[in-house]
Ligand SMILES: Cc1cc2nc3c(=O)[nH]c(=O)nc-3n(C[C@H](O)[C@H](O)[C@H](O)COP(=O)(O)O)c2cc1C
């Protein structure tokens, strides 16, 4: 987990491009205004840090893919762990990355009205996703939003 600092240390050690994929539980009662504020802050800070990515919100959960320089990723992950608009952050995967997937997005946003991760899961046993590979299924879903 990120709270003990080890995930951030690992990100800091990434020399070039890296990524983090995490899920978290949204604070109950988050409203459209709160989402707007999150995205506004995220986009301006990500631009300053050279980060791009995608945030999906569905059924009280957040799924976020962040990509960019390792030190920027570590800084944002440190902020995210203290943000009370969500909790129970679980890093599903992280590591080096060959190329950006969300080149044009300082933070792409989607929610259930746009695309459903749960529907994607329901279909994924017939798709290219390895059964039981939860992180892999989330990545495939988020990558489908980049197109
Ligand atoms: C679900 C969620 C996603 C967020 N995504 C980002 C992000 O991509 N980049 C970012 O800088 N802040 C993001 N934030 C906001 C940070 O948690 C934090 O409030 C902001 O970066 C300011 O950090 P600071 O208070 O440490 O200066 C997100 C917050 C939430 C709740």
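The values are calculated or read from the model by the stated rules, or taken from the named source; none is laboratory data. If you're wondering where the values come from, they're calculated on a predicted model, not measured in any experiment. Methodologically, a virtual Cβ is constructed for each residue, glycine included, from the backbone with ideal geometry; neighbour enumeration extends over all protein chains shown.
Can you spot a residue in the range 80-95 that is under 23 Å from residue 17 (Cα atoms) and part of a helix (DSSP H, G or I)? Step through it out loud before you land on a result.
Here is the first cut: in the range 80-95, the ones under 23 Å from residue 17 (Cα atoms) are 80-81, 89-95.
If we keep only those that are part of a helix (DSSP H, G or I) as well, we get 80-81.
Scanning the range 80-95, I find at least one residue that is under 23 Å from residue 17 (Cα atoms) and part of a helix (DSSP H, G or I), so the answer is yes.
Residue count for the range 105-139 under the criterion of being more than 14 Å from the ligand (Cβ to nearest atom), assigned to a loop (DSSP other than H, G, I, E, B) and at pLDDT 90 or above: the result is 5.
All conditions in (1) over 18 Å from residue 136 (Cα atoms); (2) touching a residue at least 40 places away in the same chain (Cβ under 8 Å); (3) within 14 Å of the ligand (Cβ to nearest atom); (4) surrounded by fewer than 15 Cβ atoms within 10 Å (Cβ to Cβ) hold for residue 26, with the sole exception of (4). Consider the range 53-62 and keep the residues that are more than 9 Å from the ligand (Cβ to nearest atom) and either assigned to a strand (DSSP E or B) or over 17 Å from residue 88 (Cα atoms) (or both). The one that is farthest from the chain's Cα centre (by Cα) is 58.
Please enumerate the residues belonging to the range 64-76 that are more than 8 Å from the ligand (Cβ to nearest atom) and either free of Cβ contacts under 8 Å to residues at least 12 places away in the same chain or surrounded by 21 or more Cβ atoms within 10 Å (Cβ to Cβ) (or both). Of everything in the range 64-76, those that are more than 8 Å from the ligand (Cβ to nearest atom) and either free of Cβ contacts under 8 Å to residues at least 12 places away in the same chain or surrounded by 21 or more Cβ atoms within 10 Å (Cβ to Cβ) (or both) turn out to be 65, 67, 68, 70, 73, 74.
Test residue 87 against the stated conditions and say whether it is surrounded by fewer than 19 Cβ atoms within 10 Å (Cβ to Cβ), modelled with pLDDT under 95 and more than 9 Å from the ligand (Cβ to nearest atom). Spelling it out, it is not the case that residue 87 is surrounded by fewer than 19 Cβ atoms within 10 Å (Cβ to Cβ), modelled with pLDDT under 95 and more than 9 Å from the ligand (Cβ to nearest atom). When 39, 51, 11 are checked against the criterion of being more than 22 Å from residue 140 (Cβ to Cβ) and in contact with a helix residue (DSSP H, G or I) (Cβ under 6 Å, 6 or more places away or on another chain), 11 stands alone in meeting it. Restricting attention to the range 31-43, the residues that are farther than 13 Å from residue 109 by Cβ and either outside any helix (DSSP H, G or I) or within 8 Å of the ligand (Cβ to nearest atom) (or both) total 1.
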